[in-house]
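Quick note: the coordinates plus some simple rules give every number you see, no bench work behind them. Since the structure is predicted, the reported quantities are computational estimates derived from the model, not experimental observations. Heads up, the Cβs are rebuilt from the backbone with ideal geometry, glycines too, and the neighbour counts pull from every protein chain shown.
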Amino acid sequence: MNSCAFMPQEGAAPSFSAPWVALTVRPRAERRVQSGLAQAGLETFVPWHGVRRRWSDRMKICEENLFPGYVFCRSSFDDRFLVMRQPGVNSVVSFDRTPAVIPEEEIDAVRRAIASGMPLGPWPFLGRGQRVRIERGVLAGLEGVLARDSAAWRVVVSVSALQRSVAVEVDRDMIRPV
């Protein structure tokens, strides 16, 4: 099973001068888009991972995209028409009509996580300072602000009138964004 689909340019070394961008694609079109872009000579990355699925008579491991609906592509502004003409591509992820450049370090981090062989899966994006709710355990239903120190994740609960707070250490899988 191919856990990390990486397709460099065919017939030539990939151009590392172009930035990584994220493309939104039609549902379940990631493989087709990735293949078409690779045939057009562009470097692509789709973070495939194995997911156990129960069938009526057996367990099966299926490959799924860690970021469903997205394909990463190394492309420059000059490649925009080539990219957008690919069947299945909806758009380039952009902010204020400027393509969002994905840092090389973030692509490498995802590749390393997949290559590690450790269990992994999609997770809601949680940032420090974001309001979260504890979903399991004796504190289920408690809401606070997510904090992180060098050792652990904490949910900070405040009493505004007293201007005091308390931080409760939690496992990250116990919390969800509010």
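Among 29-39, 47-57, the peptide with the highest mean count of other Cβ atoms within 10 Å heads the list, and the full ranking is 29-39, 47-57. Computed from the C-beta positions of Ser91 and Ser116 and an R0 of 41 Å, the FRET efficiency is 0.85 to the nearest 0.05.
Under 5 Å between amide hydrogens, built in the peptide plane, is the criterion, and for Leu142 it picks out Ile134 among residues at least 5 positions away or on other chains. For Gly69, the residues 5 or more places off, or on other chains, whose built amide H falls under 5 Å of its own are Arg28. In this calculation the C-beta distance from Glu63 to Arg136 is compared with R0 = 25 Å, giving a FRET efficiency of 0.30. For the pair Phe81 and Ser17 in one chain, pulling the backbone fully straight at 0.36 nm per residue adds 21.2 nm over the alpha carbon distance. Here is the list for the range 68-113: trypsin sites (Lys or Arg not before Pro) lying in DSSP coil, each with at most 16 other C-beta atoms within 10 angstrom of its C-beta, are Arg85, Arg97.
The calculated 222 nm mean residue ellipticity attributable to helices in the chain amounts to -4500 deg cm²/dmol, summing -39500 (n - 2.57) over DSSP H runs of n ≥ 4 and dividing by all residues. Among Asn90, Ala109, Pro122, which residue has its Cα furthest toward the positive end of the charge dipole of the range 77-127, with +1 on Lys/Arg Cβ and -1 on Asp/Glu Cβ? Going by the Cα projections, it comes out as Asn90. Each 10 Å bin from zero holds the following percent of Cα-Cα pairs in the chain: 9, 28, 27, 22, 12, 3, 0. Using R0 = 35 Å, the C-beta based FRET efficiency linking Arg32 and Trp55 works out to 0.90.
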